[in-house]
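Engineer: A single structure is presented below for examination.
The values are calculated or read from the model by the stated rules, or taken from the named source; none is laboratory data. A quick note: this is a predicted structure, and the numbers were derived from the prediction, not measured. Because the Cβ atoms are built from the backbone with ideal geometry, glycine has one as well, and the counts that use them run over all protein chains shown. The area values use the complete protein model at the heavy-atom level, side chains included, leaving out ligands, DNA and RNA. Shrake-Rupley method; radii C 1.70, N 1.55, O 1.52, S 1.80 Å.
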Amino acid sequence: MEQVLTLVCKLNPTSEQIAQIETTLKAFADACNYANQQVKPQITSKTTIQNMVYQDLRSMFGLSANLAVRACARVGANRKTAKQKNKPVLIFKPTSADYDARIFAFREKDWTVSLTLSEGREHIKLDVGNYQQGKLKGRKPTSAQLCKHRDGSYYIHIQTKDEVPEPLKPTNVIGVDFGRRDIAVTSNGDKWDGKQIDEVRDRYAKTRASLQQKAIIGTRSTRRRARQILQRLSGRERRFQQWLNHQISVAVIQQAKNAKAIVAIENLTGIRERTNTQPRSKVERRRSNSWSFYQLRCFLEYKGIKEGVEVIAVPPAYTSQTCHQCLHIGLRSDKRFKCGNCKWHGDADLNGAKMISLLGQSVSLPGGSGYLCCNLSTDSSGLLQSPAL
């Protein structure tokens, strides 16, 4: 089994190469838009799209043969994704272009990439750190994506393939409860407080609001300076959240690997759509919509594949309201949980993580159906005993 990982490497093109990159990105986007307009929306096969518009893309937009093929594949892939979400493909922007082995090559000897651009083949210098160098050393990647990021810099997203180990034979399940106050809580009792990330997000939100106001109503020099600071601050909050999710996912997967356990998480898909329909303050809505639970899930999944740890998603319904000891519905108040049946009380997120672990055991371990059953009290005659007795 192979795992595909993407390495983001910064490019250092010359001024002539920048002009060619811009021309190539625009031509690629225009070709995608043309193919999307000319081919019926219900057609998602890249081969069918290529048969219908390939010659037009070559002649009208000046693309090389393989770039024209990649443009058709991009349209087909985007249509399949849009079809799953019941949304149409609207427009392609000139921010990226796909490359395969015929029009892309990585050269380790001088740390450059060879790309087919608008005027031919170009060798562009890479500006990479130790992490990228370690991952690319001795490799011959065969696919990449040329991208222009929001800061105006150019990057090459190189896809590498690794052989992954066979999944470990599990003997246990570690449940992970996602939240905003505590970013993650495991059934083993480990937790990562979300107070720090909330403070960071609130600080950046306040700073952005102040700078955006100055960029509108300030003097000419003030407006220019405010825009410069906004550009400099762009991405810092996102990178901090990404770093934090990396730390959490590494710790959880390593713990599961050492314990030969499966990691069970909540399937929170669609939670934003549900919560955004409820009346909330502007601050609460911002905090909720900036909750990066899906990024943490993705990090857990791809790190789990790399280490041979299986990650499964279970339904989140009633996991925070059900007692993990007796499986009765209890009372949750803020961070506290109390069961009226067995009298267990403690941290609500820890109880939720243990319930997620039980759900994971029921669907992944042999004899798992026995984990989700509660013992009903009976009297000497065999009839159900009243809770009052």
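Engineer: Any idea which of V263, V200 is touching a strand residue (DSSP E or B) at 6+ places or on another chain (Cβ under 7 Å) and of a type outside the set (K, R)?
Structural biologist: V263
Engineer: Where in region 279-340 are there strands (runs of 3 or more DSSP E), lying fully within it, with 1 or more residues that are of a type outside the set (V, I, T) and open to solvent by 60 Å² or more (accessible area, probe 1.4 Å)? Talk me through it step by step, then tell me what you get.
Structural biologist: Working: elements: 311-314, 331-333, 336-338.
Output list reads 331-333, 336-338.
Condition check ((1) of a type in the set (K, R); (2) outside any helix (DSSP H, G or I); (3) over 26 Å from N188 (Cβ atoms)) across all residues:
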| residue | (1), (2), (3) |
| --- | --- |
| R223 | yes, no, yes |
| A226 | no, no, yes |
| L230 | no, no, yes |
| Q241 | no, no, no |
| N245 | no, no, no |
| V250 | no, no, no |
| I253 | no, no, no |
| A256 | no, no, no |
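Engineer: Is at least one residue of region 83-92 closer than 30 Å to R227 by Cα and either β-branched (V, I, T) or in contact with a Pro (Cβ under 6 Å, 6 or more places away or on another chain) (or both)?
Structural biologist: yes
Engineer: Can you name every residue in region 97-116 that is of a type outside the set (V, I, T) and either over 16 Å from V69 (Cβ atoms) or open to solvent by 40 Å² or more (accessible area, probe 1.4 Å) (or both)?
Structural biologist: Within region 97-116, A101, R102, A105, F106, R107, E108, K109, D110, W111, S114 qualify.
Engineer: Does K260 count as in contact (Cβ under 8 Å) with a residue 60 or more places away in the chain, at positive phi and either open to solvent by 50 Å² or more (accessible area, probe 1.4 Å) or not β-branched (V, I, T) (or both)?
Structural biologist: Taking the combined requirement at face value, the residue satisfies it.
Engineer: Quick one: count up the residues across region 34-70 that are outside any helix (DSSP H, G or I) and open to solvent by 100 Å² or more (accessible area, probe 1.4 Å).
Structural biologist: Total satisfying the criteria: 3.
Engineer: Another one. Would you please name the residue that is farthest from K83 (Cα to Cα), looking only at residues in region 35-50 that are out of contact with any Pro (no Cβ under 7 Å at 6 or more places or on another chain) and in contact (Cβ under 8 Å) with a residue 40 or more places away in the chain?
Structural biologist: The extreme case among them is A35.
Engineer: Let me ask another. Which pairs turn up if I take residues in region 231-254 that are of a type in the set (D, E) and look for partners that are open to solvent by 20 Å² or more (accessible area, probe 1.4 Å) and part of a helix (DSSP H, G or I) with beta carbon separation below 6 Å, at least 6 apart in sequence or on another chain?
Structural biologist: Taking only residues 6 or more apart or on different chains, the pairs are E237/Y204.
Engineer: Let me ask something else about it. Checking the condition in contact with a Gly (Cβ under 6 Å, 6 or more places away or on another chain), open to solvent by less than 80 Å² (accessible area, probe 1.4 Å), among the aliphatic types (A, V, I, L, M) and under 30 Å from L358 (Cβ atoms), which residue from I197, I253, I248, I265 passes?
Structural biologist: I253
Engineer: Please find, within region 341-389, the residue that is modelled with the highest pLDDT out of those that are in a strand (DSSP E or B) and surrounded by fewer than 11 Cβ atoms within 10 Å (Cβ to Cβ). Step through it out loud before you land on a result.
Structural biologist: Just the residues of region 341-389 that are in a strand (DSSP E or B), to begin with: 345-347, 378, 384.
Add one more test, that the residue is surrounded by fewer than 11 Cβ atoms within 10 Å (Cβ to Cβ), and what stays is 378, 384.
Numbers: T378: 48, L384: 43.
Selected residue: T378.
Quick grid of which residues meet (1) in contact with a helix residue (DSSP H, G or I) (Cβ under 7 Å, 6 or more places away or on another chain); (2) closer than 22 Å to E22 by Cα; (3) loosely packed, with under 14 Cβ neighbours inside 10 Å:
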residue	(1), (2), (3)
Q132	no, no, no
K135	no, no, no
K148	yes, yes, no
N172	yes, no, no
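Engineer: Determine which single condition T222 fails, assuming it passes every other condition in (1) touching a residue at least 60 places away in the same chain (Cβ under 8 Å); (2) open to solvent by less than 80 Å² (accessible area, probe 1.4 Å); (3) over 19 Å from S290 (Cα atoms).
Structural biologist: All conditions are met except number (1).
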